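This report refers to the structure that appears directly beneath it.
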Amino acid sequence: MLSDDGESGHPPLVFFDLETTGLSRDCEMVQLAAVSSSHSLNLYVAPQGRMDWGATRATGLTVRHHRLFLHKRPLLCTPPTEALLAFLCFIHMCQKPPQRPLLVGHNARAFDVPVLLRALERRGLRGALEDAVGGAVDSLALSRDLLRDSGVSSFKQEALVRRLLGEDYAAHDALQDARALQRLVLQGLKPRAEDLRRHTFSLGEPTGH
DNA sequence: TGCCAGGCCCTCTTTAGGGCCTT
């Protein structure tokens, strides 16, 4: 099976996902999860602002008095700077010198990476991430490419996991999404090293959102 | 009152528009 530990002819892969307060350009991350090989990181962060109703409906997360709740149960939260530093430590742990890991996320180019970079930039940590990784791969673009002419009509992560792996999972929980994405890419999409190279973008490139 | 996300992809395209995808 294709692996994500840097032993398959491509850099180590770190699958990640964010849950946020919404989709707007000023949204804040409230859950940060990363998975590589059998290792995982899962942290909740209490935002300064409010959750959009759509985000609450999708995730079950709510904010009250700057505390975060999942289905009305209080969550243990990590201060945002500590959460980002933990994420950077996780990435360093995944390094196989001289190879630097690739971040992999679904629609990451348009959404997760810009949100993450903004959070890092506010704390002077953006350069640390750019130095730590070899770039990022958007599994949405990768799947659209590899499944071209396959008859797949929905490229939502949940739909791809069901179609390619025959699995249902708890979507909109960042850790479950990151784990499902790891299975989707390694067991379902099975990209070649050149496929990953073709879809790797630099974090230094201007990103939208 | 007026704002309300934005990049990518596809096509009945390129002097554009609409749907997808992320929360």
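Treating cross-link reach as a plain straight distance, find the lysines whose alpha-carbon is under 27 Å from the alpha-carbon of A:Lys156, omitting any fewer than eight places away in the same chain.
Cross-link targets: A:Lys190.
Taking only the alpha-carbon atoms of region A:25-142, what semi-axes of the equivalent ellipsoid follow from 5 times the gyration tensor eigenvalues under a square root, in whole Å, largest first? Could you put the intermediate results ahead of the total?
Details: eigenvalues 131, 47, 39 Å².
Working from the Cα gyration tensor, I get semi-axes of 26, 15, 14 Å.
Please work out how much accessible surface A:Ser153 shows to a 1.4 Å probe, ignoring ligands, DNA and RNA, in Å² rounded to 10.
110
For A:Leu70 and A:Arg50, what does the FRET efficiency come to when R0 = 22 Å and r is the distance between their Cβ atoms, rounded to the nearest 0.05? Working shown, then result.
On the way: r = 16 Å, r/R0 = 0.72.
My answer for the efficiency is 0.85.
To test your reading of the geometry: what angle, between 0 and 90 degrees and rounded to tens, separates the Cα axis of helix A:174-183 from the longest principal axis of chain A?
Value to nearest ten degrees: 0.
By what distance, in whole Å, do the Cα atoms of chain A stretch along each of the three principal axes, largest value first?
Principal-axis extents of chain A (Cα, largest first): 48, 37, 31 Å.
Helix A:80-94 against the longest principal axis of chain A: what's the angle in degrees, Cα atoms only, rounded to the nearest 10?
Compared with the principal axis, the helix lies near 20 degrees.
Note down the nm distance, to one decimal, between modelled labels 7 Å out along Cα→Cβ at A:His39 and at A:Gln99.
Between A:His39 and A:Gln99, the simple spin-label model gives 1.4 nm.
Starting from region A:146-209, pick out the trypsin sites (Lys or Arg not before Pro) whose DSSP state is loop and whose Cβ has at most 16 other Cβ atoms within 10 Å. Before the final figure, lay out each step's value.
Details: sites: A:Arg148, A:Lys156, A:Arg162, A:Arg163, A:Arg179, A:Arg183, A:Arg192, A:Arg197, A:Arg198; in loops: A:Arg148, A:Lys156, A:Arg192.
Here the trypsin sites (Lys or Arg not before Pro) that fit, given the DSSP loop and packing criteria, are A:Arg148, A:Lys156, A:Arg192.
Considering only DSSP beta bridges whose two residues both sit in chain A, what percent are antiparallel, to the nearest 5?
Values: 21 of 28 bridges.
If I count the DSSP bridges inside chain A, around 75 percent turn out antiparallel.
Could you state the number of Å between the C-alpha centres of region A:111-131 and region A:39-58?
Using only Cα atoms to place each centre, the spacing works out to 17 Å.
Could you pull out the trypsin sites (Lys or Arg not before Pro) across region A:1-105 that fall in loop regions by DSSP (anything but H, G, I, E, B) with no more than 13 other Cβ atoms inside 10 Å? Mind dumping the intermediate values first?
On the way: sites: A:Arg25, A:Arg50, A:Arg57, A:Arg64, A:Arg67, A:Lys72; in loops: A:Arg25, A:Arg50, A:Lys72.
The qualifying sites are A:Arg25, A:Lys72.
At 1.4 Å probe size, what's the solvent-accessible area of A:His71? Round to the nearest 10 Å².
Solvent-accessible area, nearest 10 Å²: 130 Å².
With every protein chain left in place, what is the accessible area per residue of chain A in square angstrom, probe 1.4 Å?
Details: 10410 Å² over 209 residues.
Averaged over the residues of chain A, the accessible area is 50 Å².
For every helix of n ≥ 4 consecutive DSSP H residues, a contribution of -39,500 (n - 2.57) applies; sum these over chain A, divide by its total residues, and give [θ] at 222 nm rounded to the nearest 500 deg cm²/dmol. List each step's numbers first, then the result.
Working: 8 runs with 68 residues, N = 209.
Calculated mean residue ellipticity at 222 nm is -9000 deg cm²/dmol.
Count charges around A:Glu28 for me, please; just the other residues with Cβ under 12 Å from its Cβ, Lys/Arg as +1, Asp/Glu as -1.
+1
The values are calculated or read from the model by the stated rules, or taken from the named source; none is laboratory data. As the structure is a prediction and not an experimental result, all values here were calculated from the model. Please note: Cβ atoms are built from the backbone with ideal geometry, for glycine as well, and neighbour counts cover all protein chains shown. Ligands, DNA and RNA are stripped out before the accessible areas are found, and what is left, the full protein with its side chains, is counted by its heavy atoms. Shrake-Rupley method; radii C 1.70, N 1.55, O 1.52, S 1.80 Å.
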